[in-house]
Each structure stands twice: as structure tokens, then as C-alpha cells.
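Structure first, then comments.
Every number here is computed from the coordinates shown, using simple stated rules; none is lab data. Keep in mind that what you see is a predicted model, and the values were worked out from it rather than measured. Neighbour counts are summed over all protein chains in view; Cβ atoms, including those assigned to glycine, are modelled from backbone coordinates with ideal geometry.
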Amino acid sequence: MTKSGFLEYLKFVRTATRRLVAMIPEDQFNFRPQDNMFSIKELANHFIFAESMTRNGIVSDDWNPDTEEQMETVDAVVKLLDQTYARTLKAMKEFPEGKFLNKDVNPPGQPAIKAEVAFMGLILHEVHHRTQLFLYLKTLGLPLDSSTLFMP
Ligand code: NI
């Protein structure tokens, strides 16, 4: 897929992800369904960190996130999500199409993959954890259904 195709798909995915993150009740930010599972706070921070880590790896071979600071409130995590997305859009717009399709990148602990496959992985990771967040919020009684995830 072309870079612009991926960015369009990320926009579609991100719209619902942001909607869900903004719905997190502040007083449930530390909720976790089981002791061995992410809390909502850890989950939201985790997939935002993963986005900047993967984007930085694709663009500059630096597999570090923009920040490792955990956001402690829902407002702060929404702001970090928006800021991270803006940086991803800027970085990807500046990244040449030819490199997007052909550059080999080396995610830590994994075999080399093409940049576009790594970017696909970034989106897949978000969708995976977004579904997890959806289930957490539904478990807490929020009025969610499939339209929450798939309406533009
Ligand atoms: Ni993950």
C-alpha cells in the first residue's frame, strides 16, 4: 500500500481510538480486570509509546519512544495521543515514498522487515490494544457498541 493509503487508514483507526481514550472515566484510570493485566492507564500509555517507538525506528532507526513518562490523567494521555499522532503524520509525510516501500528496518529482537510492514504493525498494535480498552470500558458499564469503533 502507498504511504498515503496507510496514513488514511491510520486516520480512520485513530478517530475511534481517540474517541475511546477520551471516554475513559478519570476515577477508573487505574482499573485493571486482573492483577496480571495492564491497568487502563498502563494500556493507554503503552500503545502511545509503541507508536512513537515504531515511527522513530522506521524514520531514523532509533527504536525509542518520544517519552517514557507515564501520563497520570486522562486529559494528559489524550494530549500525548494527539501530540504523538501529529509527530507521526509530520515524520511520515517527510519520509520518502521509496524508503517507505523498500527500506529494511530492524525492530528490536525481530528479523528485518520493510518499513511499510513495520508501519502496518504500528496500526495493528493500536487496533489490538484498542479492542482491549473497549472491553475494559464495556466491563465498567460504559454504553459502547460497534459504532463506537467503526463510525468515522
Ligand atoms: Ni502491546
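Can you find even one residue in region 21-29 that is of a type in the set (Val, Ile, Thr), more than 16 Å from the ligand (Cβ to nearest atom), more than 17 Å from LEU124 (Cα to Cα) and crowded, with 20+ Cβ neighbours inside 10 Å?
yes
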- Working only within region 33-68, note down all residues that are away from the ligand (no atom under 15 Å from the Cβ) and within 23 Å of MET23 (Cβ to Cβ). PRO33, GLN34
- Message: So, in region 33-54, exactly how many residues are in contact (Cβ under 8 Å) with a residue 60 or more places away in the chain and more than 18 Å from ASP82 (Cα to Cα)?
- Response: 2
- Query: Consider GLU126 against the criteria (1) under 28 Å from GLU26 (Cβ atoms); (2) surrounded by 15 or more Cβ atoms within 10 Å (Cβ to Cβ); (3) in contact with a Lys or Arg (Cβ under 8 Å, 6 or more places away or on another chain); (4) without any contact (Cβ under 8 Å) to a residue 60 or more places away in the chain: it satisfies all of them except one. Which criterion is unmet?
  - Reply: (4)
- Could you tell me which numbered condition LYS90 fails, if it satisfies all but one of (1) assigned to a loop (DSSP other than H, G, I, E, B); (2) among the charged types (D, E, K, R); (3) free of Cβ contacts under 8 Å to residues at least 24 places away in the same chain? (1)
